Amino acid sequence: MIVWSNLYAPNYGPIDAALSAAGITSPGWLSNPKSALLSLVVFNVWQMLGYYVVLLVAGLTQIPEEIYEAARIDGARAVRQTFSITLPLLRNTLVFVLLMTVINSVQVFDPVYLLTQGGPANSTNTLSFDIQRTAFQNGLAGQASAMAVSLLLVLSLVAGAVSVALRRRS
């Protein structure tokens, strides 16, 4: 978190230094409403990328090599193997990674709290940050609890819909 706040720092951050060396003016990564949310998205993707890669590699290691060998003997090339073997056998892992990505994206709190506090002009205000602000800054614990339960219900419905769709395809 500290590294990214320094990367995005105006005037002395390495990203701004590289841009100014190239003659490009800095967009004000965290202080401009147009670039603040994109900057947080880049940070969140970077933060979670390793977790998702580990999950996908674990899924890939569960595919038996004999299936690929049989496909090569039958004349299937790499693209055909990818679409006929790898992706279908990785489907459950990909759906799990997709669900975790959606849930983590909706519940992103740390970068917003530490880097922008929901600003500038509420451009980086997320639902989870708004729940925290409603509860602790505004003192409306009941309203914040209702918001949190609503978020839980929406995420549960999305996960349930994906689960039902997968069962129908199988």
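Hey, Ile73 hits all of (1) out of contact with any Ser or Thr (no Cβ under 9 Å at 6 or more places or on another chain); (2) over 19 Å from Ser163 (Cα atoms); (3) surrounded by 11 or more Cβ atoms within 10 Å (Cβ to Cβ); (4) not polar (S, T, N, Q) but one; which does it fall short on?
If we test Ile73 against (1) out of contact with any Ser or Thr (no Cβ under 9 Å at 6 or more places or on another chain); (2) over 19 Å from Ser163 (Cα atoms); (3) surrounded by 11 or more Cβ atoms within 10 Å (Cβ to Cβ); (4) not polar (S, T, N, Q), just (3) comes out false.
Need pairs with beta-carbon distance below 9 Å; first residue farther than 13 Å from Gln107 by Cβ and without any contact (Cβ under 8 Å) to a residue 60 or more places away in the chain and within segment 130-159, second of a type in the set (D, E, K, R) and surrounded by 14 or more Cβ atoms within 10 Å (Cβ to Cβ); sequence gap 6+ or separate chains.
Cβ pairs passing all conditions: Ala144/Asp130; Ala144/Arg133.
Quick check on segment 104-117. Is at least one of its residues within 18 Å of Leu151 (Cα to Cα) and of a type in the set (Phe, Trp, Tyr)?
yes
If you go through segment 118-170 one residue at a time, how many are part of a helix (DSSP H, G or I) and touching an Asp or Glu at 6+ places or on another chain (Cβ under 8 Å)? Steps first, answer last, please.
Within segment 118-170, the first condition is being part of a helix (DSSP H, G or I), and the residues that meet it are 127-137, 141-169.
Okay, now just the ones that are also touching an Asp or Glu at 6+ places or on another chain (Cβ under 8 Å), so 147.
So the answer is 1.
For (1) more than 30 Å from Leu30 (Cα to Cα); (2) in contact with a helix residue (DSSP H, G or I) (Cβ under 8 Å, 6 or more places away or on another chain), each residue gets a yes or a no:
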| site | (1), (2) |
| --- | --- |
| Ala70 | yes, no |
| Ile73 | yes, no |
| Ser84 | yes, yes |
| Ser123 | no, yes |
| Gln143 | no, yes |
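If only one of Val45, Val54, Val3 is part of a helix (DSSP H, G or I), farther than 21 Å from Gly119 by Cα, β-branched (Val, Ile, Thr) and under 28 Å from the mean Cα position of the chain (by Cα), which one is it?
Values: Val45 fails: farther than 21 Å from Gly119 by Cα; Val3 fails: farther than 21 Å from Gly119 by Cα.
None of the other options fit; the residue is Val54.
In segment 3-30, how many are under 25 Å from Val106 (Cβ atoms) and surrounded by fewer than 17 Cβ atoms within 10 Å (Cβ to Cβ)?
3
Which condition breaks for Pro33 when tested against (1) surrounded by fewer than 15 Cβ atoms within 10 Å (Cβ to Cβ); (2) in contact with a Leu (Cβ under 8 Å, 6 or more places away or on another chain)?
All conditions pass for Pro33, except number (2).
Identify all residues within segment 80-127 that are surrounded by fewer than 16 Cβ atoms within 10 Å (Cβ to Cβ), at positive phi and not hydrophobic (A, V, I, L, M, F, W, C); write none if there are none.
Matches in segment 80-127: Gln117, Asn122.
Could you look through segment 143-170, keep only residues that are among the polar types (S, T, N, Q) and at pLDDT below 90, and pick out the one that is surrounded by the most Cβ atoms within 10 Å (Cβ to Cβ)?
Here the answer is Ser163.
Which residues, counting only those in segment 1-38, are of a type outside the set (A, V, I, L, M) and in contact (Cβ under 8 Å) with a residue 60 or more places away in the chain?
Selection gives Trp4, Ser5, Tyr8, Ser31, Asn32, Pro33, Lys34.
With small (Gly, Ala, Ser) and either assigned to a helix (DSSP H, G or I) or touching a residue at least 60 places away in the same chain (Cβ under 8 Å) (or both) as the only criterion, which of Ala76, Ala71 stands out?
Ala71
The values are calculated or read from the model by the stated rules, or taken from the named source; none is laboratory data. The structure presented is a predicted model; accordingly, all values stated were derived computationally and were not measured. As a convention, Cβ positions derive from the backbone with ideal geometry for all residues, glycine included, and neighbour counts pool all protein chains shown.
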